[in-house]
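The values are calculated or read from the model by the stated rules, or taken from the named source; none is laboratory data. Note that the structure is a prediction, hence the values are computed from the model and not measured. A quick note on method: Cβ atoms are made from the backbone with ideal geometry, for glycine too, and the neighbour counts reach across all protein chains shown. Surface accessibility is based on the protein's heavy atoms, side chains included, excluding ligands, DNA and RNA. Shrake-Rupley method; radii C 1.70, N 1.55, O 1.52, S 1.80 Å.
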Amino acid sequence: MASPSTFLTEAMRQQAIGQESPPVCLEVEKGAIIKFAQAIGDGNPLFNDEAAARKTSYGGLIAPPTFLRSLGQIRPDLPFDIPLHRVLDGGSDWEYFQPVRPCDRITAVARITDLRERSGRLGLMLISTIVTTYRNQFDEVVATQTNTTIRY
Amino acid sequence: MAEQLYWEDVAEGMELPPLVKNPTTRQLVQYAGASGDFYEIHYALEYARGNGLEGVILHGALKNAFLGQLMTDWMGPQGALKRLSCQYRGMDLPGRPITGKGTVTRKYQQDGQFLVDCAIWLENAQGEKTTPGTATAALPSRSVGG
């Protein structure tokens, strides 16, 4: 199927910006943190060893910086159908405010903050900027992730 | 536990200790399981090729994790990562080593915190920066009895 040369109108763009995902929740289990650290090949005791982590200023095991990707890359639905069905992750910009710890209950909401189209090597691409806000059970923002999602 | 890095030990222009990673398809499957990202381009060869790719490719988020480790290994247990940013410019395939590298671009104090900004990236065996990024770390200072 040939891609169209242009797709996005300003009205569609304005309709998409501000779209939010339903909240996504994760109960953070210690075993899941350790499995995640093992999967990325990171043996840091802070993420793997409760006894060693207790002796640090964190006072116990914490999650590695990108652990919150365990909630998935949340992508709010676009309020229209698009002819582009393949998805690539373009990159992420994380800001961290609080460590994520075992037994935290994290709630994430993702919001589209920008949408643009571009023609490139992959043909027509629709590029969304999505800001995901992660809060813990104390309603503290633990992190935000600004992600670039490419549909082509 | 790794040695602690103090803010006073850091100078602008300093290089971070490189982090060598040898990702395998097995690791991509392990990461798929741990992260819940089961998109087939990361472990099913035919599916990846059907999507116009040379082979299965690393999850962008796994490369993001490698850059996180580059920072947390360097910062030591009392450091706190404030910001971690990267862009996936080039694809990386399992079976090909990639190295995380970085340099300190700025050292400063702000709101009572002792901060350093770094330029960080993953590069392949050809020296191409497939995953450039930036990071900010807060480090303990000897001046406050850290």
**Request:** Could you tell me whether A:Arg54 is more than 14 Å from chain B (Cβ to nearest Cβ), modelled with pLDDT of 95 or more, open to solvent by 30 Å² or more (accessible area, probe 1.4 Å) and over 24 Å from B:Asp92 (Cβ atoms)?
**Result:** no
**Pick from region B:68-79, criterion buried (at least 20 other Cβ atoms within 10 Å of the Cβ) and facing chain A (nearest Cβ under 7 Å), ranking: nearest to A:Thr129 (Cα to Cα)** = B:Gly68
**Asked** Quick one: in region A:4-33, which of the residues that are touching a residue at least 24 places away in the same chain (Cβ under 8 Å), within 14 Å of another protein chain (Cβ to nearest Cβ) and open to solvent by less than 60 Å² (accessible area, probe 1.4 Å) is nearest to A:Thr149 (Cα to Cα)?
**Response** A:Val24
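Only one residue in B:Arg83, B:Arg49, B:Arg89, B:Arg106 is in a loop (DSSP other than H, G, I, E, B) and either surrounded by fewer than 22 Cβ atoms within 10 Å (Cβ to Cβ) or among the hydrophobic types (A, V, I, L, M, F, W, C) (or both). Which one?
Selected residue: B:Arg89, the only one of B:Arg83, B:Arg49, B:Arg89, B:Arg106 that is in a loop (DSSP other than H, G, I, E, B) and either surrounded by fewer than 22 Cβ atoms within 10 Å (Cβ to Cβ) or among the hydrophobic types (A, V, I, L, M, F, W, C) (or both).
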**Request:** Could you tell me whether region A:65-75 includes any residue that is away from every other protein chain (no Cβ under 14 Å), basic (Lys, Arg) and under 23 Å from B:Leu84 (Cα atoms)?
**Result:** no
**Prompt:** Quick one: would you say B:Val29 is over 19 Å from B:Gly100 (Cα atoms), more than 7 Å from chain A (Cβ to nearest Cβ) and not in a helix (DSSP H, G or I)?
**Reply:** no
**Request:** Check off (1) more than 13 Å from chain B (Cβ to nearest Cβ); (2) open to solvent by less than 60 Å² (accessible area, probe 1.4 Å) for A:Gly90 and give me the number that stays unchecked.
**Result:** (1)
